[in-house]
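To start, the structure itself, in structure tokens.
The values are calculated or read from the model by the stated rules, or taken from the named source; none is laboratory data. Just so you know, these numbers come straight off a predicted model, no measurement behind them. Please note: Cβ atoms are built from the backbone with ideal geometry, for glycine as well, and neighbour counts cover all protein chains shown.
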Amino acid sequence: MISVLIRTLNEQINLPHCLESLSWCDDIVVLDSGSTDQTVQIAEQAGCRVIERRFADESAQLNWASTQIEYKYPWVYCSDADEVLPSDLVGEMKSIALDTTNTNVAYRLRYKNYFMDRWIKHCGIYPVWVLRLYRPEMVRWERIVNCTPVVQGAIGELKGHFHHYSFRKGLAAWVDKHNKYSTNEAIESLRSLSQRKIPWTDLFQLRDPALRRLALKELSFRLPCRGFLRFVYMYFFKAGFLDGVPGYHYCRLLSIYEYLIALKISEIRQQELQGGQGVER
């Protein structure tokens, strides 16, 4: 009744946990971007359909998956390999798929992020609403990293949470991933600064948290001392200190990530001034 899409790249540590929580699904598509570990073998042994496609950026991969993959069912749940779906969320999604009177074409849900064996409930990262359950023909994606959906139809919200274990492969893997993310966020920052304005009304958007989060991101592109301000905002204003030692370290990590973005913005600008390649904006 629901197909599942999982995008992978060297996920042999995470994938078995993810697939175990998806044992109810008989149409799992693993879209792999050239794994060199046992990811593909694990997926095939679990009965998944494996499709190989070179990764360009997040939105390009998701848009291709929506238009080029033939799913068994009209509803698709998109999961990362480091995520686990609890039974209450699965039951909720099945009820939606069976409801013939449902007029929504997509659903947002929240997640619980785990670090140092603890759910990081504060730090300003909960609740974050992400769109995961959708009819693929009704959604397209924008931005090259942390992409945002553009939905042609009504959007609902799920009560259940999925669990996110972004540090299961270790701190070095997290740092490596966010080093790459920071480059793409720097490119998006520069595009925003040159092409877009701050959507001030969306900053006070209460009915659509995704729009509010995007507006906050647009504002952050224009603030000085981004890394320092991110730490102050997460640790003090959003009460990250309530998450104890894991909360402190997590706030520090995300402030470093924000600092990297700011440094790379300066680097790209310097390259452009010197007649270098820069970025396409």
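Condition check: over 21 Å from Y235 (Cβ atoms) and modelled with pLDDT under 95. Does V139 satisfy that? Spelling it out, it is not the case that V139 is over 21 Å from Y235 (Cβ atoms) and modelled with pLDDT under 95.
Exactly one residue out of Q152, Q205 is at pLDDT 95 or above and of a type in the set (S, T, N, Q): that is Q152.
Scanning the stretch 66-82 for residues that are farther than 14 Å from M138 by Cβ and within 19 Å of the chain's Cα centre (by Cα) turns up Y77, S79, D80, A81, D82.
With respect to the conditions (1) in contact with a Pro (Cβ under 6 Å, 6 or more places away or on another chain); (2) of a type outside the set (V, I, T); (3) modelled with pLDDT of 90 or more, A215 lacks only one, and its number is (3). Looking only at residues in the stretch 242-253 that are touching a residue at least 24 places away in the same chain (Cβ under 8 Å) and surrounded by fewer than 21 Cβ atoms within 10 Å (Cβ to Cβ), the one that is nearest to the chain's Cα centre (by Cα) is L253.
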